[in-house]
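What follows is a set of notes on a single structure, which appears directly below.
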Amino acid sequence: MKISFLLHNAYGIGGTITTTFNLAQALAGRHQVEIVSAMRHREQPNFTLDPKVSLRPLVDLRHERKHPLHLRPARVFPAAEYRYRQYSELTDQRIGAYLAETEADVVIGTRPGLNVHLAHQAPERVILIGQEHLTLDHHSPRLRIALRRAYGRLDTLTTVTEADAAAYRRKMWLPGVRVEALPNSVPDPVLPAADGTAKVVVAAGRLVPVKRYDLLIEAFALVATEHPDWHLRIYGQGEEHGRLRELIGRLGLNNNVFLMGAAAPMEGEWVKGSIAATAADFEPFGMTIVEAMRCGLPVVSTDCPHGPAEIIKDGVDGRLVPVDDRDALGAALLELVRDDERRRHMGRTAQENARRYAPALVVEQVERLIDAARSARAGEAPAPVPPAASRIKRALVSEGFAARDAAYAMASGALRAVRRGRR
């Protein structure tokens, strides 16, 4: 089977790029896989890609930024989407041409605007899966209207958390479209796990306001006061760098808190720490949380929507604290800094619990979604959920999802015929 991912820019740095590369590489062991990058701005990707996965760009910004068609606004890519200004009539044409000519059996979109392209421009024979890496509540009302009109033409819509999947089922009218949570996968670590002895807290991600590194630094000041031999390393780059550097100086933490810049991959940095931390106001999933746990670190995180609470078991493999609460965050960090045995035990538990995000399990779930879409088109009942996928999907099983499968299959044949008339 040939599977194609449509990605905004495979040559940048970000969570969606990381998880797309991870999933594509895992699928490549059993399928023919390609990543199609709508844009390109440099010669090579920041992340190493398995040679089994082909990569091709559609618009090379190094040479086509001033192309006449790229100076005209996009018509297919929705205007309410966050990245609308980066798209154009040129991207409309190139994406449309790629979809018209693709030999893929399955095309997977990786952001709302690209999912709209799939809905309007992909040929009828292709299985269409739209991925949402943000959340429904994060989208503006205007964008939700555009997505509601387009998403009804998809076979499947995936979210990264059960909470967001439930929101789509509850708030969006998408008859015949399967909506399921598909967690991001993290490759099996190649380095020995952290042993919990290093006096280092590690954080990673874009240096942007929503990640609240200012709150983390202020919370870590409580740790440094009591344990001046502990350090906080923050990996990433972004607009907040200058402000965070000034805050570190103002709090007298120049010998304790370090802005390390970007690192890819992060595995070699996670294993140098003993605790991971995130202070975000909003986290659609929490890729860095899983990465850290797979490397043997307990994670102290704000309990923000939607991801952390679905990944971390509070008091078992990490700690969850209220959003925007510096003292609670500092206290949770101190709790693990003070107790060596508990910290190490929680790290070992985190490593074990995070195995549910191993690529093999997520690949199995993707294959099940594709098989279910094919069955639905044929009006057949889908195959039973495999045991491994069932472990990931325990929340859906508790909802009686088998009954939903049967109803979906019976209704989808007629709905597919209706969609043919809309294209």
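The values are calculated or read from the model by the stated rules, or taken from the named source; none is laboratory data. For clarity, every value in this text was computed on a predicted model and none was experimentally measured. Glycine gets a Cβ as well: all are built from the backbone with ideal geometry, and neighbour counts include every protein chain shown.
The figures follow:
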{"quantity": "Cβ-Cβ under 6 Å pairs, at least 6 apart or on other chains, region 246-263 side more than 15 Å from P228 (Cα to Cα), far side surrounded by 15 or more Cβ atoms within 10 Å (Cβ to Cβ) and hydrophobic (A, V, I, L, M, F, W, C)", "calculated": "L247/I217; L259/I234"}
{"quantity": "Residue count, region 49-87 (criterion: farther than 22 Å from E132 by Cβ and without any contact (Cβ under 8 Å) to a residue 24 or more places away in the chain)", "calculated": "16"}
{"quantity": "Filter result for A360 (buried (at least 18 other Cβ atoms within 10 Å of the Cβ), assigned to a helix (DSSP H, G or I) and at pLDDT 50 or above)", "calculated": "no"}
{"quantity": "Filtered residue count, region 206-227, keeping only those that are of a type in the set (A, V, I, L, M, F, W, C) and not in a helix (DSSP H, G or I)", "calculated": "2"}
{"quantity": "Candidate set: region 15-42, residues that are closer than 22 Å to E64 by Cβ and among the small types (G, A, S); chosen: the one surrounded by the fewest Cβ atoms within 10 Å (Cβ to Cβ)", "calculated": "S37"}
{"quantity": "Count of region 222-255 residues which are polar (S, T, N, Q) and within 17 Å of T278 (Cα to Cα)", "calculated": "1"}
{"quantity": "Qualifying positions in region 156-170 - in a helix (DSSP H, G or I) and either among the aliphatic types (A, V, I, L, M) or closer than 16 Å to G130 by Cβ (or both)", "calculated": "A163, D164, A165, A166, A167, Y168, R169"}
{"quantity": "Pair list, Cβ under 8 Å, 6 or more apart: region 120-148 residue within 11 Å of E81 (Cα to Cα), other residue among the aliphatic types (A, V, I, L, M) and in a helix (DSSP H, G or I)", "calculated": "H139/L147; R144/L136; A146/V116; L147/V116"}
{"quantity": "Lone qualifier among E291, E283 - being under 27 Å from G14 (Cα atoms), surrounded by 24 or more Cβ atoms within 10 Å (Cβ to Cβ), touching a Cys at 6+ places or on another chain (Cβ under 6 Å) and assigned by TED's automatic domain parsing to the domain that holds A224", "calculated": "E283"}
{"quantity": "Meets criteria (of a type in the set (G, A, S) and touching a Gly at 6+ places or on another chain (Cβ under 9 Å)) for A331", "calculated": "no"}
{"quantity": "Which listed residue is touching an Asp or Glu at 6+ places or on another chain (Cβ under 6 Å), crowded, with 24+ Cβ neighbours inside 10 Å and in contact (Cβ under 8 Å) with a residue 40 or more places away in the chain, from G273, G307", "calculated": "G307"}
{"quantity": "The lone exception for A373 - which of (1) farther than 28 Å from P192 by Cα; (2) in contact with a Phe, Trp or Tyr (Cβ under 6 Å, 6 or more places away or on another chain) it fails", "calculated": "(2)"}
{"quantity": "Considering residues of region 124-163 that are of a type in the set (S, T, N, Q) and touching a Phe, Trp or Tyr at 6+ places or on another chain (Cβ under 7 Å) only, the residue farthest from A79 (Cα to Cα)", "calculated": "T161"}
{"quantity": "Subset tally (residues that are touching a strand residue (DSSP E or B) at 6+ places or on another chain (Cβ under 7 Å), of a type in the set (A, V, I, L, M) and modelled with pLDDT of 95 or more) for region 308-319", "calculated": "1"}
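Residue by residue, here is whether (1) surrounded by 14 or more Cβ atoms within 10 Å (Cβ to Cβ); (2) modelled with pLDDT of 95 or more holds:
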| site | (1), (2) |
| --- | --- |
| V321 | yes, yes |
| A328 | yes, yes |
| L334 | yes, yes |
| R338 | no, yes |
| A350 | yes, yes |
| I370 | yes, yes |
| A378 | no, no |
| K393 | yes, no |
| G400 | no, no |
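Residue-wise test of (1) more than 26 Å from the chain's Cα centre (by Cα); (2) buried (at least 19 other Cβ atoms within 10 Å of the Cβ); (3) of a type outside the set (V, I, T).
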residue: L191; (1), (2), (3): no, no, yes
residue: A198; (1), (2), (3): yes, no, yes
residue: V202; (1), (2), (3): no, yes, no
residue: G205; (1), (2), (3): no, yes, yes
residue: R212; (1), (2), (3): no, yes, yes
residue: I217; (1), (2), (3): no, yes, no
residue: D229; (1), (2), (3): yes, no, yes
